[in-house]
Amino acid sequence: MLEIININVNYGEKSVFKDFSLEVKDREILCVLGKSGCGKTTLLNAVAGLVPHTGEIKGADSVSYMFQEDRLIPSLTAIGNILFATSHLYKDKNEAKAIAKEALKAVGLEGFENRYPHTLSGGQAARVSLARAFCYPSGLLITDEPFKGLDIATADTLEKYFLKLFESSHKCAVIVSHSVEEAVALADRAVVLGGSPCSVKAEIILDMPREKRTENLAYCAEKSAEIKAAIIAS
Amino acid sequence: MKINKLTQNQKTAIVSLLYPLFSLALIFALWAITAAYYDSDLLIPSIGTTFEKLGELLVQKQTYVDVACTLLRALRGFVLSFAIALALSVPAAFFKPFARILAPIVAVMRSTPTMSVILLCLLWTNTQVAPVFVTVLIIFPLLYTAFYTAITGVDKKLTDMARVYRVPFMTRLLKLYVPSMLPTVFSAVRSTLSLTVKLTIAAEVLAQTRNSIGVDMQLANLYLETPVLIAWTLIAIVLGAVLELIVYALGKLCMRWKNA
């Protein structure tokens, strides 16, 4: 569970967040949307400890972060990039390696362990980044537009891998996205941020189970319209 | 070997050899034309005369002693510069006040005329140490700047990723910082290593250092043996080129992942 309690984040004189609070329950996927520049990435960076803030954030002692870019180290192989983030957590390096191999297999990259990032396609690099995020043992996964820039087919494949890994990992997740379709496909709840300082302008609950949403186009259309209207109004 | 039976890699290798060979042919052609125009071995000796003198030098044991001593002096100065530059650039990159204190010192060293440095070193040190000292004073600021730029230029997105995943310092240093720095470091080493040889020889000329290419060049100049002077120059050029080639090969080995 993630609890953000009355945090304040400033960039110089500008107050980005003032007394901002938000909660994400266990096993919940929360999608954060809003206009460009409203503070969505700043919120994730505050949770990850990359920007200074006052206030309290509970449940973020250990965070898996899937960034907007793949952020793979060019001189390390696919498995090397995963081990870079995870090997220090295991006494037995072979165990760390086995888990990394399983994660690559789970995202359909079996056989790609020794490939360098510059030999991978954008989709493949994103999958390595996803595998790294899920390999890191933490209760919270945060992602910043993880499927941005990918073609529809690749993004769809990655969404499936994301859900498969999420279901088996007992994490809660916060996804920042510009894609309303992504929010409707993945999230249990969507919040729309806006204003200055930034606050929650709307909250949309997606109570239908994810596996049933693809069959119920009317539900998806209704929720998409609700989210779009909230973003425009923010 | 028939052209159409060569692999693409073999064709690429042959073509890439043709460019430097063409350049060399151009240089020798210009040399030959100029030498023929002046028709004076004192001013511009012919290619034949020069290579004859080069041949005479290459069969003398003293030639190899002088080359080895100059090379050792150059390497001593370079290794010292490298070590000091690395030792200072790392704390400077992570501790801004230290970088700010060093900045004017490095700027002064970089701007000081090479001849001033050589003449002052002759006053302060002996003929054996002067070439090494000169090298350190001139090469250190170049390497320091390159290393500092390499460390501070490591992709912030990757360092943020390492922070989020709480990667230990040594792992970050060895698997993120060092590989990120290697291209800049090798590029700086390649360019400064041949400069080091040139500086060492210049200092040897003025310091009259025993067993050195510098003194050999100066003696050839004193006795108006221009072919010998140019022969020594060719030896110095080859020395610098061989060092650059070694660094290039080392770089390829250390950065194998780039060609994977």
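Each value in this text was obtained by applying a stated rule to the coordinates, not by laboratory testing. Predicted, not measured: the structure shown is a model, and the values here were computed from it. We place every Cβ from the backbone using ideal geometry, glycine too, and count neighbours over all the protein chains shown.
Only a single criterion out of (1) surrounded by 13 or more Cβ atoms within 10 Å (Cβ to Cβ); (2) over 21 Å from the mean Cα position of the chain (by Cα); (3) among the hydrophobic types (A, V, I, L, M, F, W, C) is not satisfied by B:I118, namely (2). The lone criterion from (1) surrounded by 15 or more Cβ atoms within 10 Å (Cβ to Cβ); (2) under 14 Å from the mean Cα position of the chain (by Cα) left unmet by A:R27 is number (1). Of all residue pairs spaced 6 or more apart or on separate chains, those with beta-carbon atoms under 9 Å, a first member in the range A:13-29 that is at positive phi and a second member that is among the β-branched types (V, I, T) and outside any loop (DSSP other than H, G, I, E, B) are A:D19/A:I7.
Restricting attention to the range B:159-175, the residues that are at the interface with chain A (Cβ under 7 Å from one of its Cβ atoms) and of a type outside the set (F, W, Y) add up to 8.
Got a sec? Which of A:T54, A:T42 is surrounded by 16 or more Cβ atoms within 10 Å (Cβ to Cβ) and either more than 19 Å from B:R166 (Cβ to Cβ) or of a type outside the set (A, V, I, L, M, F, W, C) (or both)? Criteria check complete, one pass: A:T42.
Considering the range A:60-101, and only residues there that are of a type in the set (D, E, K, R) and out of contact with any helix residue (DSSP H, G or I) (no Cβ under 7 Å at 6 or more places or on another chain), the residue that is nearest to B:K157 (Cα to Cα) turns out to be A:D61.
Selection of helices (runs of 4 or more DSSP H) fully inside the range B:73-175 by the criterion of at least 3 residues being in contact (Cβ under 8 Å) with a residue 40 or more places away in the chain and touching a helix residue (DSSP H, G or I) at 6+ places or on another chain (Cβ under 9 Å) returns B:114-124, B:130-152. Of all residues in the range A:55-79, those satisfying the criterion of being part of a loop (DSSP other than H, G, I, E, B), more than 8 Å from chain B (Cβ to nearest Cβ) and acidic (D, E) are A:D61, A:D70.
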